[in-house]
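> Below: one structure in structure tokens.
The values are calculated or read from the model by the stated rules, or taken from the named source; none is laboratory data. Source: prediction; values computed, not measured. Virtual Cβ from ideal backbone geometry, glycine too; neighbours counted across all protein chains shown.
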């Protein structure tokens, strides 16, 4: 099965816009059905931290947040990524905190990284891995 990494910006968009059938939400649903979604403890921690921020409570009910995080945990393939693998990412992302997504994709054998983050998107393709926006990902796999 094809493996994919979905970054935090896309996942936050998916959970915030679930009722509007947004592009990030459709990306999340398609990835759940048809791909192996890769995650590591660092990417999960970043997602949970962002979703638990005080300002997020204006947009996201805590119960919905908790359901999404629980669903995420059982929907992904957990990959161990070491701090040295993250630090040795080559070429690195200009935003070093995003190297975790690159390392995860490399270690996990992902074909795609789905991201709304321009720091990652400018690297496309990165070591043979396609880095696509959610809309590009949907267009690629739904056609």
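> Could you tell me which of the residues 75, 116 is closer than 18 Å to residue 42 by Cβ, surrounded by 12 or more Cβ atoms within 10 Å (Cβ to Cβ) and touching a residue at least 40 places away in the same chain (Cβ under 8 Å)? Talk me through it step by step, then tell me what you get.
Working: 116 fails: closer than 18 Å to residue 42 by Cβ.
Among 75, 116, only 75 is closer than 18 Å to residue 42 by Cβ, surrounded by 12 or more Cβ atoms within 10 Å (Cβ to Cβ) and touching a residue at least 40 places away in the same chain (Cβ under 8 Å).
> Within the set of pairs 6+ apart or on separate chains, which have a first residue in segment 122-143 that is on the phi > 0 side of the Ramachandran plot, a second that is surrounded by 11 or more Cβ atoms within 10 Å (Cβ to Cβ) and part of a helix (DSSP H, G or I), and C-beta atoms under 7 Å apart?
127/106
> Would you be able to tell me the number of residues in segment 9-36 that are surrounded by 20 or more Cβ atoms within 10 Å (Cβ to Cβ) and closer than 18 Å to residue 129 by Cα?
4
> Does segment 57-66 contain any residue that is touching a helix residue (DSSP H, G or I) at 6+ places or on another chain (Cβ under 9 Å) and within 15 Å of residue 113 (Cα to Cα)?
No, segment 57-66 contains no residue that is touching a helix residue (DSSP H, G or I) at 6+ places or on another chain (Cβ under 9 Å) and within 15 Å of residue 113 (Cα to Cα).
> Here's another thing I want to ask about it. Please enumerate the residues belonging to segment 79-96 that are surrounded by fewer than 14 Cβ atoms within 10 Å (Cβ to Cβ) and free of Cβ contacts under 8 Å to residues at least 40 places away in the same chain.
We begin by selecting, within segment 79-96, every residue surrounded by fewer than 14 Cβ atoms within 10 Å (Cβ to Cβ); these are 80, 82-84, 87-88, 90-91, 94-96.
Passing the criteria: 82, 83, 84, 87, 88, 90, 91, 94, 95, 96.
> Filtering segment 115-137 down to residues that are more than 13 Å from residue 94 (Cα to Cα) and out of contact with any strand residue (DSSP E or B) (no Cβ under 9 Å at 6 or more places or on another chain), which residue is modelled with the lowest pLDDT?
Filtering first and then ranking leaves 116.
> Still on this model: Take residue 58 and tell me if it is on the phi < 0 side of the Ramachandran plot, touching a residue at least 24 places away in the same chain (Cβ under 8 Å) and surrounded by fewer than 16 Cβ atoms within 10 Å (Cβ to Cβ). Let's see the steps before the verdict.
Values: on the phi < 0 side of the Ramachandran plot: yes; touching a residue at least 24 places away in the same chain (Cβ under 8 Å): no; surrounded by fewer than 16 Cβ atoms within 10 Å (Cβ to Cβ): yes.
Considered against the rule, which asks whether it is on the phi < 0 side of the Ramachandran plot, touching a residue at least 24 places away in the same chain (Cβ under 8 Å) and surrounded by fewer than 16 Cβ atoms within 10 Å (Cβ to Cβ), residue 58 comes out as no.
> Inspect all residues belonging to segment 4-26 and state whether any of them is assigned to a helix (DSSP H, G or I), free of Cβ contacts under 8 Å to residues at least 12 places away in the same chain and within 21 Å of residue 83 (Cα to Cα). Spell out the reasoning first.
So the first thing to find is which residues in segment 4-26 are assigned to a helix (DSSP H, G or I), and the list is 8-16, 18-20, 23-26.
Among the residues that remain, those that are also free of Cβ contacts under 8 Å to residues at least 12 places away in the same chain are: 19-20.
Now narrow it down to the ones that are within 21 Å of residue 83 (Cα to Cα): none.
Checked segment 4-26: no residue is assigned to a helix (DSSP H, G or I), free of Cβ contacts under 8 Å to residues at least 12 places away in the same chain and within 21 Å of residue 83 (Cα to Cα).
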